[in-house]
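Read the structure below first, then the notes.
The values are calculated or read from the model by the stated rules, or taken from the named source; none is laboratory data. Only a predicted model underlies this, so the values are computations on that prediction, with no experimental measurement involved. When we count neighbours, we look across all protein chains shown, and the Cβ atoms used for this are built from the backbone with ideal geometry, even at glycine. Ligands, DNA and RNA are stripped out before the accessible areas are found, and what is left, the full protein with its side chains, is counted by its heavy atoms. Shrake-Rupley method; radii C 1.70, N 1.55, O 1.52, S 1.80 Å.
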Amino acid sequence: EYKELPAVFDAREAMRANAPAVHDGITRSAAIFDPAQVPEARGANICGHFRLSKGDVAQAWKEADHVSEQIYTAAQTQHCAFEPHAVVARVTGDRIEVWSSTQNPSVVQTQLAELFELPVSRIRVVALPLGSGYGSKLYLKLEPMAVALAMKVGRPVKIVLARDEVFLTLTEPGVWVRMKTAVSRDGKLLGREIEAVLDTGAYAEITARLARGVGLTAAGPYRIPNLAVEVFAVYTNKPPAGALRGVMTRQLCWAYEQEMDRIAERLRIDPIDIRRQNLLANGDAMHTGENLQAVGLKECLERVQAALDRHPAAVEPGERDGSLVRAWGVACFIKHTMTPSLSLADLRLEDDGSLSVHVGSVEMGQGMSTALAQIAADAIGLPIGQVSTVFADTSSSPYDQGTNSSRAVFHMGRAIVEGAARLKNELLARASELLEVAPADLEIRDGQVTVRGHPDSRLGFGEIVKRVFG
């Protein structure tokens, strides 16, 4: 027998002091924020809070020629990866082996070790190529259940979710945004106030952390001298929510870019012009105080406008072409990424001169296998056909924080470049001894070390390995 309890399905309603508590025994002091900063009236369902402020928004309202205030919403959505969540677990003695559709096998390995109270060295996680992920396959999902069942029955256990079960596993938070903007008559942004509420669902996963990510970029890529941002992540009785491509920065872009268009229309300013005069530029300080480098937004906007000017629509925007209505639009966007973070690569030169690159990154349709092989081939001086990339098996691959946050090619690529530089130095040092010339007189090309000016005096990578190690 069971008793049906009151539920809450609206995140803003869940913030009320008298709202039904989604979790018994969770107090405000256990949440991932300073309870003293959040009014008691907000209730017990808040699991994350972020606040960012700069300047004086009250003064901005007084100085403004125009103030815009709007509400923007985006629905809770599901990742819909082609491949559903799947896992196979095998337990042999005190050793756990897992084959999983995961985007971060190193993290899953660590979490399984903690959960089952075993050393990390006794946990093996293999991430086979995925049929896409988009953030839905980060952290623990089915792995603990499969491991527990395998322990119980003494046999390997396989779990593959049906599509309706996938929809209950993880979603992206729905979001409610109130945005108020102060602007001068010539379109200069003077101040902005943002309140955002994220629908966390029944379990937090990383939504408390997403609240911070939303807050960092909620004002967009614009210079705004006066700013007040407040973000809440709130429990509801709905499927749990986590990251989906862009860690909630897209939803806020949906809000602040519509806001820019509304203001441009109200002030009768070209939507490209109003963006151009307010965009952050190289050397500007971000809202968090960070100094921005290599910012090419204005140049990008100029190229977009030039392309639009060169290719005018055959039908004027807004006019019908049969059943079609043609239009064009412009949006600018800023996204944060997970940095600093950790990626390690293991480069192994084989005795036939080929190179194997062992990484903890995951191939899920984005072309990682090609990109990392290209980076390694270019960095070491080998034809790409001589390079193989070995992916994500924690028994042989070094640690990687995860294939997420648009970080993998840059961070893992940098690890490969640095590893290749060390390997090249070792090759030059060994070849220097074998060819009896100074390392500075040697060059590497197409898998061979050659004496400069003497192309016939050379050693292949494989030959160096064999002569040094036998």
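With segment 84-195 as the region, which strands (runs of 3 or more DSSP E) entirely inside it contain at least 3 residues that are touching a residue at least 60 places away in the same chain (Cβ under 8 Å)?
Output list reads 86-92, 123-127, 157-160, 175-183.
Which one of the conditions (1) at pLDDT 95 or above; (2) buried (at least 16 other Cβ atoms within 10 Å of the Cβ); (3) of a type outside the set (D, E, K, R) does Ala58 fail to meet, given that it meets all the rest?
(2)
Quick check on this structure: which one of Ser354, Ser388 is among the small types (Gly, Ala, Ser), in contact (Cβ under 8 Å) with a residue 12 or more places away in the chain and under 21 Å from Leu130 (Cβ atoms)?
Going through Ser354, Ser388 in turn, the sole match is Ser388.
Kindly list, by first and then second residue, each pair from a residue in segment 262-289 that is touching a residue at least 24 places away in the same chain (Cβ under 8 Å) and in a helix (DSSP H, G or I) to a residue that is among the hydroxyl-bearing types (Ser, Thr, Tyr) and surrounded by 15 or more Cβ atoms within 10 Å (Cβ to Cβ), limited to pairs with Cβ atoms under 8 Å and residues at least 6 apart or on different chains.
Hits for this filter: Arg262/Ser68; Ile263/Ser68; Ile263/Thr181; Arg266/Ser68; Arg275/Tyr222; Asn278/Tyr222.
Of all residues in segment 285-317 being open to solvent by less than 60 Å² (accessible area, probe 1.4 Å) and at pLDDT below 75, which is nearest to Ala211 (Cα to Cα)?
Ala313
Of the residues Leu115, Leu149, Leu227, Leu189, which single one is more than 23 Å from His79 (Cβ to Cβ), in contact with a strand residue (DSSP E or B) (Cβ under 6 Å, 6 or more places away or on another chain) and open to solvent by 50 Å² or more (accessible area, probe 1.4 Å)?
Step by step, each of Leu115, Leu149, Leu227, Leu189 is checked, and only Leu149 is more than 23 Å from His79 (Cβ to Cβ), in contact with a strand residue (DSSP E or B) (Cβ under 6 Å, 6 or more places away or on another chain) and open to solvent by 50 Å² or more (accessible area, probe 1.4 Å).
Please determine, by comparing only the residues of segment 415-456 that are surrounded by 15 or more Cβ atoms within 10 Å (Cβ to Cβ) and of a type in the set (S, T, N, Q), which one is nearest to Leu372 (Cα to Cα).
Gln448
Check Arg245, Arg250 and return the single one that is assigned to a helix (DSSP H, G or I), surrounded by fewer than 21 Cβ atoms within 10 Å (Cβ to Cβ) and within 18 Å of the chain's Cα centre (by Cα).
Arg250
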